[in-house]
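Contents: one structure, followed by commentary.
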Amino acid sequence: QVQLVESGGGLVQAGGSLRLSCAASGSIFTINTMGWYRQAPGKQRDLVAAVTTGGRANYADSVKGRFTISRDNAKATVYLQMNSLKPEDTAVYYCQVAAYLRNYWGQGTQVTVSS
């Protein structure tokens, strides 16, 4: 079992920045890819960014050049640095980790970008 605790969401004006963190505990030795998804009201949950154990990252086209994902394997923590935020980035952001046999989700953290 893996437990995830997210932090760092909040309210920010357009153009501002936020940093999300997601700390994993439990069977962290089983973790492979770590990532962030987001879900806006009435929309599906979509991938924002993900990073492998080796540091290879991929991003949704809508956040490329503005968001940066990183991870600290020693701390079993993944981060999402979000710059140049736009109102359309408003959503609940969920941390996800891919571990042996299953994926785990965080509880979600609200990010609201005002215009």
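Numbers below:
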item: Gap separating the Cα centres of the range 68-115 and the range 2-59, nearest whole Å; result: 2
item: Per residue, in Å², the accessible surface of the range 13-115 once ligands and nucleic acids are set aside, probe 1.4 Å; result: 53
item: Selected from N73, Y93, A24, residue furthest toward positive end of dipole (the chain; charges at beta carbon); result: N73
item: Two-site label geometry, E88 and A57: point separation in nm, points 7 Å out along Cα→Cβ; result: 2.1
item: Residues of the range 83-97 with amide N under 11 Å of the 7 Å Cα→Cβ point at S7; result: none
item: 13 Å reach of a label modelled at L101, 7 Å along Cα-to-Cβ, counting backbone N of the range 1-30; result: 1-2, 27, 30
item: Protection proxy ranking of 11-17, 97-103, 41-47 - average other beta-carbon atoms within 10 Å, highest first; result: 97-103, 11-17, 41-47
item: Over the chain, relative contact order from alpha-carbon pairs under 8 Å, at least 6 apart, %; result: 36
item: Residues with amide H under 5 Å from that of V2, placed H, sequence gap 5 or more; result: S27
item: Lysines with Cα under 25 Å of K75, excluding same-chain neighbours fewer than 8 positions away; result: none
item: Share antiparallel - DSSP beta bridges, the chain, percent rounded to 5; result: 90
item: Within the accessible area of the chain (1.4 Å probe), percent carbon and sulfur; result: 49
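The values are calculated or read from the model by the stated rules, or taken from the named source; none is laboratory data. All figures in this text were calculated on a predicted structure; none of them were measured in a lab. Quick reminder, even Gly has a Cβ in these numbers, built from the backbone with ideal geometry, and neighbours come from all protein chains shown. Just so you know, the surface numbers come from the protein's heavy atoms only, side chains and all, with ligands and any DNA or RNA stripped out. Shrake-Rupley method; radii C 1.70, N 1.55, O 1.52, S 1.80 Å.
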